[in-house]
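Okay, structure first, notes after.
None of the figures in this text is laboratory data; all of them are computed from the coordinates on show. Note that this is a predicted model, so its numbers are computed, not measured. Here the Cβ positions follow ideal geometry from the backbone for every residue, glycine too, while neighbour counts run over all protein chains shown.
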Amino acid sequence: MTRHSTLGLALIVAVLLLGLCATAQADETRGKLIGVYPDRHTFIVTSADSKARMMTFDLDRNGKVFINNREASLMELQVGQDVLVIFEMQMDRPVAVEVRAGRD
């Protein structure tokens, strides 16, 4: 009996862990940088798709910024640059884990 309950508990834990991993998947968007606020670790991008959405991103504590494939800081980004943003939704807010500007 204890063998079955241990197996059932292990199965429940595995399902829960898979569910947590699935929610942390990254998404990406391309667009034009229209605002950079390094003191608040945020930036604003207008998406390049047909909807032209404006999105405000927080830069993750471990987030990376690259300009022309060189690691840079958020402060070095300039309004008007085309960017690729890789982000995750955290508590209904887009949090950037990687920002790429310039040539890819």
Task: region 37-104 - Rg and Dmax from Cα coordinates, angstrom - done: 11.4, 32
Task: Simple label model, 7 Å out from Cα along Cβ direction - Asp82 to Met54, nm - done: 2.2 nm
Open item on the list: Given the options Leu59, Ile34, Ala72, identify the residue whose Cα lies farthest towards the positive end of the charge dipole of region 28-79 (+1 on Cβ of Lys, Arg; -1 on Cβ of Asp, Glu).
Closed with: Ile34
